[in-house]
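Here is the structure we will look at.
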């Protein structure tokens, strides 16, 4: 099976570059799984975890904060607004951010601009925590 | 001697200056390298985003209205300009060049210009020129991240969509190499995709790119994706412009500081020469005094002995 050439880039750096067998991405209309020979597709992505699956290797987990994905038969390019590999995430900071966001949401009213911001922050930090924990669990297994 | 002491004091202070400027030169050099790396790091994303943007923009159905960020307005009433300068001085003619370039450009425009300044120097200069400043950003972190500059892009996008501005220009300094930085002004909004220009004409003759041949599926639909790509792209352009300007600033400062160090060293050589000459002069004078004194004494003694002999 011919693998997929996968690139994950943000405006600041290239986060991942390499060959993978499968890409699981958080599309705006639900989770998307991309295998080789997929029909060409351009889609918007939302907050969530991006999983890159490789045969014989550990999965790569990346927390992304929205963006776009371009899919060709043999290549997947992801332009992410933000992207962090699981091992780069500071879990304590993410926890702190989540608590802060939750606090703000508890205080402000729904129509407040801060509420929306806090909600976005909450989703972002929750994703990051989830991704970071994945790595820890995966790393624990022999 | 007061003059040698004075010279010595000057030598000491010039030495200090040379040390400080050399240190600043080193700091600027390393900051420049980092800024350059940051600029390079944005390229892959920028290229992909540009490809995507051109592709999406060309997908527009004939009856569909053009995206507001792409649409050229027929009547232009007000223009906005993002002017990128530095917060601090001591960087040669860096700020002067870009500000003058922008000022010449503004004076030639027949429309009122609203300024969004990035960096204190540009704000102060434009304020002195009695220009309208609608927003001001300064004290950006030394290594800005995309998030640090998105508010700047937001201001112009919102202003443009609301119809406050009909064209938005961006003035910044292009980093060419360590010695050359060129002030540049270009149109930020409306975005002008390539397909509107030369590519469409040459399409039949040139082999099409992979992007142009393949029929894509869109999720949710091209318009929605375009809605998110365009603001992102504008943010990215502002980000890149700021990074380029930062690299330029640091290299301008590096060159300015190198010149300052060289000048200080030259001055130091001059002063040391003058000091040595003054010192030598003092010694000679002292010698002359001593010799003169002893000679006078000897003469005196000679006269006395001559008296006695008489």
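Using the average count of surrounding beta-carbon atoms within 10 Å as a protection proxy, the listed peptides B:222-233, B:132-143 rank, highest first, as B:222-233, B:132-143.
How many partner chain Cβ atoms sit within 10 Å of a residue's Cβ in peptide A:27-36, on average, as a whole number?
On the way: counts 2, 5, 2, 1, 0, 1, 0, 0, 0, 0.
Averaged over the peptide's residues, the number is 1.
Normalised by the number of residues in chain B, the mean separation of alpha-carbon contacts (under 8 Å, six or more apart) gives a relative contact order of 32 percent.
Take every Cα pair under 8 Å whose residues are at least 6 apart in sequence, average their separation, divide by the length of segment A:90-140, and the relative contact order is 44 percent.
A Förster distance of 35 Å, applied to the separation of the beta-carbon atoms of residue A:46 and residue A:106, puts the FRET efficiency at 0.90. Evaluate peptide B:271-279: per residue, the Cβ atoms of other protein chains within 10 Å of its Cβ; return the mean as an integer. Average neighbour count from other chains, rounded to a whole number: 0.
Please say if segment B:39-159 is rounded, prolate or oblate, where rounded means a/c under 1.5 for a ≥ b ≥ c the square roots of the C-alpha gyration tensor eigenvalues, and otherwise the choice is prolate for a/b larger than b/c and oblate otherwise? Can you show the working numbers first?
Working: a/c = 2.37, a/b = 1.38, b/c = 1.72.
Oblate.
Report relative contact order for segment B:1-154 in percent, whole number only (criteria: Cα-Cα under 8 Å, sequence separation at least 6). Before the final figure, lay out the partial values.
Values: 103 pairs, mean separation 26.2, N = 154.
Result for segment B:1-154 is 17 percent.
Taking the C-alpha atoms only, the angle from helix B:146-161 to the longest principal axis of chain B is near 50 degrees.
Within 10 Å of the Cβ of each residue in A:72-83, the mean number of Cβ atoms contributed by other protein chains is 3.
Would you mind getting me the FRET efficiency between residue B:129 and residue B:215? Use the beta-carbon distance for r and R0 = 41 Å, nearest 0.05.
Values: r = 53 Å, r/R0 = 1.29.
E(calc), rounded to 0.05, equals 0.20.
For the peptides A:30-39, B:115-124, B:29-38, the ranking by packing is B:115-124, B:29-38, A:30-39, with the highest mean count of neighbouring Cβ atoms within 10 Å listed first.
Counting only DSSP beta bridges with both residues in chain B, what percent are antiparallel, rounded to the nearest 5?
On the way: 8 of 24 bridges.
Given both bridge residues lie in chain B, the antiparallel proportion sits at roughly 35 percent.
Both numbers refer to the Cα atoms of the protein assembly as shown; Rg and Dmax are 33.1, 135 Å. Angle of helix B:222-309 to the longest C-alpha principal axis of chain B, folded into 0 to 90 degrees and rounded to 10: 0°. With 10 Å bins from zero, work out the P(r) of segment A:45-92 over every alpha carbon pair and list the percent per bin. Percent of Cα pairs in each bin: 25, 50, 23, 2. Placing a label point 7 Å from the Cα of residue B:287 along the Cα-to-Cβ direction, the residues of segment B:2-20 whose backbone N falls under 19 Å of that point are B:4. Grouping the Cα pair distances of segment A:90-140 into 10 Å bins from zero gives a pair-distance distribution of 28, 43, 21, 7, 1 percent in increasing distance order.
Only bridges whose two residues both fall in the protein assembly as shown count here: according to DSSP, what percent of them are antiparallel, nearest 5? Percent antiparallel among DSSP bridges in the protein assembly as shown is about 65. The calculated 222 nm mean residue ellipticity attributable to helices in chain B amounts to -22500 deg cm²/dmol, summing -39500 (n - 2.57) over DSSP H runs of n ≥ 4 and dividing by all residues.
Can you give me the angle between helix A:113-140 and the longest principal axis of chain A, using Cα atoms only, in degrees from 0 to 90, rounded to the nearest 10? Value to nearest ten degrees: 50.
On the beta carbon distance between residue B:148 and residue B:297, with R0 = 56 Å, the FRET formula returns roughly 0.10.
From the Cα gyration tensor of segment A:4-86, with a ≥ b ≥ c the square roots of its eigenvalues, which class applies: rounded if a/c is under 1.5, or else prolate if a/b is larger than b/c, or else oblate?
Numbers: a/c = 1.40, a/b = 1.10, b/c = 1.27.
The shape class here is rounded.
Over the Cα atoms of chain B, compute the convex hull volume and normalise it per residue, giving Å³.
Numbers: hull volume 60.4 nm³, N = 310.
Per-residue hull volume (Cα only) is 195 Å³.
Taken together, the values in this text are just the output of simple stated rules run on the coordinates, not laboratory data. This is a predicted model, so every value here is computed, not measured. When we count neighbours, we look across all protein chains shown, and the Cβ atoms used for this are built from the backbone with ideal geometry, even at glycine.
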